[in-house]
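Student: Provided herewith is a single structure, encoded as structure tokens, for subsequent inquiry.
Please treat every number below as a calculation from the coordinates, not as lab data. Note that the structure is predicted; figures quoted are calculated from it, not measured. Here the Cβ is made from the backbone with ideal geometry for all residues, glycine too, and neighbour counts use every protein chain on show.
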Amino acid sequence: MKQEASLVLDIVSKGRRMFGKVVSNKMQKTIVVAVDSFRIHPKYKRQIRRTRKFKAHDEDNICNIGDTVEIVESRPISKDKHFRLAKVMHRNPEFMSPAAAAAFSSPPEAPPPDKNAT
């Protein structure tokens, strides 16, 4: 059911899609995502980085601090929360358990050669 909901979210969502890093996951089912945007200063013609923080709904509490995620605009979920977690693009290995980090970062191992085949 949850996988179907995420697939529907990808199709139905017509709002903004943003990419950012998770800076907080201390709330239940909520993450805070820092999204960087760049603009040119009108007088000095230099690039300026602007960082905004958005609260996003994380139904299964799967995100950790440092993860790179994609969030999509949705209906208001609470006073400050108007985004949902679409997908985790890259996991931060510092906050993962050692077994999960090894499984996530290493490619699957090839099966051992069959001894009976000649």
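Student: Hey, which lysines would be in cross-link range of residue 87, C-alpha to C-alpha under 22 Å, not counting anything within fewer than 8 residues on its own chain?
Tutor: Qualifying lysines at Cα under 22 Å: 2, 14, 21, 26, 29, 53, 55.
Student: Follow-up. Could you check the simple spin-label distance between residue 38 and residue 75, using points 7 Å along Cα→Cβ, in nm with one decimal?
Tutor: Distance between label points: 3.8 nm.
Student: Could you check the spin-label model distance between residue 94 and residue 29? Points 7 Å from the Cα along Cα→Cβ, value in nm.
Tutor: 2.9 nm
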